[in-house]
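Contents: one structure, followed by commentary.
The values are calculated or read from the model by the stated rules, or taken from the named source; none is laboratory data. Everything numeric here is computed off the predicted structure, so don't read it as measured data. Here the Cβ positions follow ideal geometry from the backbone for every residue, glycine too, while neighbour counts run over all protein chains shown. Protein only, heavy atoms only, side chains kept; ligands, DNA and RNA dropped before computing areas. Shrake-Rupley method; radii C 1.70, N 1.55, O 1.52, S 1.80 Å.
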Amino acid sequence: MTEPVLELRDVNKSFGPIDVLHDINLTVKAGEVLCLLGDNGAGKSTLIKTLAGVHKPTSGQMFMDGKAVTFDKPKDAADRGIATVHQFGGTFPLMTIGRSFFVGVEPTRKIGPFKVFDRKTANETAVKAVQEFGITRIDDGDRLIGGLSGGERQSLAIARAVHFGARVLILDEPTAALGVKQASHVLRIVLEAKKRGIAVIFITHQVTHAMAVGDHFAVLIRGAVAANFMRGEKSREEITDLMAGGEALADLDTAMEGYMETHEGHPPQPASRATVA
Amino acid sequence: MYNFVVGTILRRPEAGAALSLILVVLFFVLFGGVDIANMLGAASWVNFAANLGIVAIPVGLLMIAGELDISIGAMIPAGSMTISILSGHYELPILVGMAGALGLGVIVGLINGLLTVRTSVPSLIITLATLVAMQGIVLSASVLLTGKASVPLAAPEWTKAIFGQLIGGSYQIIILWWLAFVVVAWAVVHHSRFGNWLFAMGGDKESARNPGIPTTKMAIWLFILSAVSASFVGMCGAILFNSAQVSGGMNYIFNAIVSVVVGGVLLTGGFGSIIGIFFGTLTFAVVNQGIYFTDIDRNWSSLIIGVMLLLAVLMNNSFRNLAMTYSPRKPAVKAAVTNPSKA
Ligand SMILES: Nc1ncnc2c1ncn2[C@@H]1O[C@H](COP(=O)(O)OP(=O)(O)OP(=O)(O)O)[C@@H](O)[C@H]1O
Ligand SMILES: [Mg+2]
């Protein structure tokens, strides 16, 4: 088997007295899509921010290609090829596609003694990069990011990360705000990135989306890895249960069953509970 | 094709400012009985525009970067008082006076910049504090050191030739400084990497910092540029008029912000252009000074400025939306629908 690109060993993270992540052990391999599942507040965003160098783990270690790494700032993670794409993709709605694609790494050409921003190269490269991912509707690098659809923005952001040599691509709920068609575009791009040998960490609340692209699933419950399994090891229903809080939902089921038995099959009445409270 | 070209122009950040300028001049010609050649040839509004424009550019750059600097209002008299006290009252060499004036700008800009990047206090509040503090310092220093609120300065010929000359008897040489500043700022903002960083920084500071853009350093430099530009305007004024006044300068705060906003810079940062700021300044100067060439009572000029500001901002808003929704597939249709000349 190939060595994991990224590995976490016993990673803990607390914010002051609040423990958010507990003994996280996870690995991602090249060309693998790891779906990170979990309820709101489970710690998914905190986990990926730790991977991206935004937070430093309180204890535990991270390894890239088997070597221990520490990130003091997001740039350190970015330099090692860890790219994060946030929910709304392009963060510069009022910049053109070409300009935002190259923020911080602008191509220049010389005019006499001056280094001039090379708009033509920037636009052509950006458009080419995103078209290679199958988004052919983007054909003008002078368009503003804000004028693109949500799916196009995500696609552009992913294409950008891949273009700049990302090895680990972190996507925090990329399909959350998208319609069915747009989401399927983004999912196709996730698969395209995976095909290029990139390790993808994909956060989502939608089982369908996770099932469509995931090779490897990890469920976080209250900051701990509650389940860690490969594609095909669990059914859709089991995954749904896990995503909705796992044991919590199972507990609710047994509690409900117990209640129904002792109350002759009547479900609890919300009104009566309200009067008690 | 015609529609396509119009559409492309309208999508630019300076479209609103250019249209405002045309509208204002038209208004003056149609309703003010202005002889257009007479007005456009006059020095008064060009001088006004140049002095304002030198401050408006850095104020606009800061606004694009998501910051604001209103301490310029105190830095203009501070610059003129510093050179007059040093080289006029104490009769030190003019270079000392100039270094003092510009050096003070560096110090105040550095304070504004450092406070802004080190604290989470909005730069509007920080520069409001330095504005008031600098006013106090300038006033007390001039009274303590010279005993007067107006200090004479006799600058040598060469200094006058460079900073305080009247070309053709009425055009201040600062007009050339302004034009040079516009060209340099335009080249840097729209054709260098730094310019791209500026827009990224104003668009989203966090995302700009992640790929390694030195946002704090840039903010500090922009504040320094702004304070130095303001004291430069004050310094040139003192050299030209042979004296410095403690008062004056406060109008510049308001005037510069109006020029920049009319010029299409987004108050919340991340969008704007140097050409837009240039046109915004011209428009403001034409309304403010051009009114004297009309039959319109001068008291109306504030009303005109208010209406113009509102119109320009509304235009800028719709042009920005136009730019956002622009789709290359059907440019002709889009342009035709939103082309105001057809409406
Ligand atoms: N900077 C912080 N300081 C203190 N607590 C924090 C901080 N960041 C996150 N937390 C806490 O950590 C927990 C996990 O938050 P996180 O944002 O990682 O959850 P999540 O799984 O991404 O949730 P969601 O699905 O809603 O995005 C929450 O209880 C949150 O309040
Ligand atoms: Mg989250």
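With the structure loaded, tell me whether A:T50 is within 16 Å of ligand 2 (Cβ to nearest atom), in contact with a His (Cβ under 7 Å, 6 or more places away or on another chain) and away from every other protein chain (no Cβ under 14 Å) or whether it fails that test. No: the conditions fail for A:T50.
Here's the yes/no breakdown for (1) open to solvent by 50 Å² or more (accessible area, probe 1.4 Å); (2) within 16 Å of ligand 2 (Cβ to nearest atom); (3) touching a Pro at 6+ places or on another chain (Cβ under 7 Å):
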| residue | (1), (2), (3) |
| --- | --- |
| A:E192 | no, no, no |
| A:R196 | yes, no, no |
| A:V207 | no, no, no |
| A:I221 | no, yes, no |
| A:D241 | yes, no, no |
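Restricting the search to the stretch A:158-184, which residues are among the small types (G, A, S), open to solvent by 20 Å² or more (accessible area, probe 1.4 Å) and within 14 Å of chain B (Cβ to nearest Cβ)?
The answer is A:G165, and nothing else.
Scanning the stretch A:16-43 for residues that are over 11 Å from A:V225 (Cβ atoms) and either within 12 Å of ligand 1 (Cβ to nearest atom) or small (G, A, S) (or both) returns A:G16, A:P17, A:I18, A:D19, A:V20, A:A30, A:G31, A:D39, A:N40, A:G41.
Residues A:L148, A:L191: which one is at pLDDT below 90 and more than 13 Å from the chain's Cα centre (by Cα)?
Working: A:L191 fails: at pLDDT below 90.
The unique qualifying residue is A:L148.
Kindly establish whether A:L187 is in contact (Cβ under 8 Å) with a residue 12 or more places away in the chain, within 16 Å of ligand 1 (Cβ to nearest atom) and away from chain B (no Cβ under 14 Å). So A:L187 does not fit the description; no. Residues in the stretch A:107-128 that are β-branched (V, I, T) and more than 9 Å from every other protein chain (Cβ to nearest Cβ): A:T121, A:T125, A:V127.
The stretch B:25-119 holds helices (runs of 4 or more DSSP H) entirely within its bounds, and those carrying 1 or more residues that are over 30 Å from B:A219 (Cβ atoms) map to B:36-40, B:43-64, B:94-118.
For the stretch B:243-343, which helices (runs of 4 or more DSSP H) that fit wholly inside it have 2 or more residues that are modelled with pLDDT under 95, open to solvent by 10 Å² or more (accessible area, probe 1.4 Å) and within 14 Å of another protein chain (Cβ to nearest Cβ)? Result: B:301-325, B:331-338.
With within 16 Å of ligand 2 (Cβ to nearest atom) and under 24 Å from B:G270 (Cβ atoms) as the only criterion, which of A:D118, A:D140, A:D172 stands out?
Numbers: A:D118 fails: within 16 Å of ligand 2 (Cβ to nearest atom); A:D140 fails: within 16 Å of ligand 2 (Cβ to nearest atom).
It is A:D172.
Step by step: first the residues of the stretch A:29-49, then only those that are of a type in the set (D, E, K, R) and not in a loop (DSSP other than H, G, I, E, B), then the one that is surrounded by the fewest Cβ atoms within 10 Å (Cβ to Cβ). Which residue is that?
Filtering the stretch A:29-49 for residues that are of a type in the set (D, E, K, R) and not in a loop (DSSP other than H, G, I, E, B), the one surrounded by the fewest Cβ atoms within 10 Å (Cβ to Cβ) comes out as A:K49.
Look at (1) within 16 Å of ligand 2 (Cβ to nearest atom); (2) closer than 17 Å to A:L171 by Cβ; (3) open to solvent by less than 30 Å² (accessible area, probe 1.4 Å) and you find that A:V5 fails only one, number (1).
Annotation note: of A:A159, A:A166, A:A126, the sole residue that is under 15 Å from the mean Cα position of the chain (by Cα), modelled with pLDDT of 90 or more and not in a loop (DSSP other than H, G, I, E, B) is A:A159.
Of A:Q131, A:Q154, all but one fail to be touching a residue at least 40 places away in the same chain (Cβ under 8 Å) and away from every other protein chain (no Cβ under 13 Å); the exception is A:Q154. Report whether or not A:A83 is among the small types (G, A, S), within 14 Å of chain B (Cβ to nearest Cβ), part of a strand (DSSP E or B) and in contact with a helix residue (DSSP H, G or I) (Cβ under 9 Å, 6 or more places away or on another chain). Spelling it out, A:A83 is indeed among the small types (G, A, S), within 14 Å of chain B (Cβ to nearest Cβ), part of a strand (DSSP E or B) and in contact with a helix residue (DSSP H, G or I) (Cβ under 9 Å, 6 or more places away or on another chain).
Only one entry of A:K49, A:K13 meets the criterion of being over 22 Å from A:K195 (Cα atoms) and near ligand 1 (Cβ under 8 Å from one of its atoms), and that entry is A:K49.
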